Amino acid sequence: MSNEIIYTLLGLFFQVLPFVVVMVLALAICIFVVGAYSSPVFGVWAGAVVFVISQSGGNIALPLGVFLTVEDMCFLMLGFVVAVRLMLGHLPAKDLVVRLWLLMTVVWGGLFVVGLVQYKSAAGVEFRSTFYMVVPVLYLMSFRLSSEQVGKIFMAFYFIALALVLLAIYRWGAYAIGETGDWFDRHAPLRVLNAAGAMLIAMAMLPGSAMWIKLNAQRQAMMYTVPVLLLVVMVLAHRTVWISTLAALGFAWWLAGSRRKGGQAGLLVPLLVGALVLGALFALAPKSVVTQEFERSVAETQKKNSTIAWRMDSWKALVEDWAAAGPLVWLVGKPFGSGNQRFIESQGQETKVQAHSHYVSLLTRGGLLVLFSYVVVQVVTVRRLLRGRVETPDWLGGEILALFIVATMVYAIGYGIGSMQAYFMGLAYSLVVQAVPHPSVVRSATAKFVLR
């Protein structure tokens, strides 16, 4: 074959390539939209896979003329599906939880529009994290989930958590032989995943942890992976995730005792396994990176310029700025894009980064109206999960979903809510909206009516 023919074929290939890419992209979008509209399992798996891609460093910007990442494209398409489902009446708008979420969405939408007019692209950049939270919540609330679908959705979370564990182990191995990447933080070398990734692993561990105290039906595979997941969460050294996990496990312990569902001592088994491994590591390798990182992480909390002090000063500055802004801002907050510039006293410097607290963010971008609505939704959801019968497999149950909400509420003190936490919340909200009251609650209500 002559060079002329080769060059001709190459020329034709590169001429046709853009059209092929456009056709494949259009086909992929159609498959995504139809799949997500029809099946909540498909929509969750899509978001979960994109989350792993993001955690592994593959959340690249697409060459579409504007700065849109793979994650942006996923949630924009999912947002379109949500809009269609809302217009077709799939959201049970008469329920309190749904109404409050719609109210919050309207407030955030208004602040985004105002911010877009005043601050242009800065509003879009800041609104991105809120959009990632709202879309998964409304998406799952627009479905009436079956027990089978709930099980498949959680298994998506579980398998993605296992994938993150493998990613963390790979990165620790790479660090051990001197190889690092964009994920590496020289100040905290064991934090090879961010807090959102560590939190997903912790939440995926909760059903298996509850099985040890017979709070739910047992599945051996989940039970026996608990020590491994717990160790990974501990070694990743995100203190907020530690506290969130302990809060959820403590709540599970209390539930098991108050409902007489089983031996509370069972939870000690995976905890003791994890403690023994860590204890052996401290005893046999006191100078290892793991032991040094644990010591540093604990010791840092006592320092005047610790990240805890940074957060406290940051929250104080943002709340003071909100309080000084007037009645309208008190009610609904400031527009997106207006910035978060403040002075951090413990560091002696200014910063513009996010609030590092979901509740403070709700106050500054939503005011008292959104903050109060959000807290009410969380409390009502936990109450309904514990008092109603929800459509879940016997190894999941309302109590386990309540653990997800409790863990998320504690995590939100120190971090913003990401897309995966939003999926967990949306799953719980969807189930409580369609929940059937527990027989004891029905009997109590009936007795009150008769006696009255």
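Key figures for this structure:
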| item | result |
| --- | --- |
| Selection status of G109, in contact (Cβ under 8 Å) with a residue 12 or more places away in the chain, under 25 Å from M73 (Cα atoms) and within 22 Å of the chain's Cα centre (by Cα) | no |
| Residue in the stretch 53-71 that is over 16 Å from Y132 (Cβ atoms) and assigned to a helix (DSSP H, G or I) present | no |
| Options V165, V134; residue that is at pLDDT 95 or above and under 17 Å from G57 (Cα atoms) | V165 |
| Only one of R389, R342 that is in contact with a Leu (Cβ under 9 Å, 6 or more places away or on another chain) and of a type in the set (K, R) | R342 |
| L371 vs. criteria part of a helix (DSSP H, G or I), out of contact with any His (no Cβ under 7 Å at 6 or more places or on another chain) and free of Cβ contacts under 8 Å to residues at least 24 places away in the same chain | yes |
| Selection count, the stretch 324-348, where residues are outside any loop (DSSP other than H, G, I, E, B), hydrophobic (A, V, I, L, M, F, W, C) and either modelled with pLDDT of 90 or more or loosely packed, with under 14 Cβ neighbours inside 10 Å (or both) | 6 |
| Odd one out for A204, checked against (1) closer than 28 Å to L362 by Cβ; (2) surrounded by fewer than 24 Cβ atoms within 10 Å (Cβ to Cβ); (3) not polar (S, T, N, Q) | (2) |
| Residue satisfying all of: in the stretch 374-393; assigned to a helix (DSSP H, G or I) and of a type in the set (V, I, T); farthest from V106 (Cα to Cα) among these | V382 |
| Every residue from the stretch 85-117 that is in a helix (DSSP H, G or I) and under 17 Å from Y429 (Cα atoms) | R85, L86, L96, V97, V98, R99, L100, W101, L102, L103, M104, T105 |
| Candidate set from the stretch 80-90 (those that are over 20 Å from L27 (Cβ atoms) and within 22 Å of the chain's Cα centre (by Cα)); member that is surrounded by the most Cβ atoms within 10 Å (Cβ to Cβ) | V82 |
| Some residue of the stretch 139-149 being buried (at least 17 other Cβ atoms within 10 Å of the Cβ), in a helix (DSSP H, G or I), modelled with pLDDT of 95 or more and among the hydrophobic types (A, V, I, L, M, F, W, C) | yes |
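Residues checked against (1) of a type outside the set (S, T, Y); (2) in a loop (DSSP other than H, G, I, E, B):
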site	(1), (2)
T180	no, yes
W183	yes, yes
A188	yes, yes
G197	yes, no
L200	yes, no
M205	yes, no
S209	no, no
V226	yes, no
L231	yes, no
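So that you can scan it fast, the table gives a plain yes or no per residue for (1) modelled with pLDDT under 80; (2) touching a Lys or Arg at 6+ places or on another chain (Cβ under 8 Å); (3) surrounded by 11 or more Cβ atoms within 10 Å (Cβ to Cβ):
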site: T8; (1), (2), (3): yes, no, yes
site: L12; (1), (2), (3): yes, no, no
site: Q15; (1), (2), (3): yes, no, no
site: I29; (1), (2), (3): no, no, yes
site: A48; (1), (2), (3): no, no, yes
site: F51; (1), (2), (3): no, no, yes
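The values are calculated or read from the model by the stated rules, or taken from the named source; none is laboratory data. This is a predicted model, so every value here is computed, not measured. Virtual Cβ from ideal backbone geometry, glycine too; neighbours counted across all protein chains shown.
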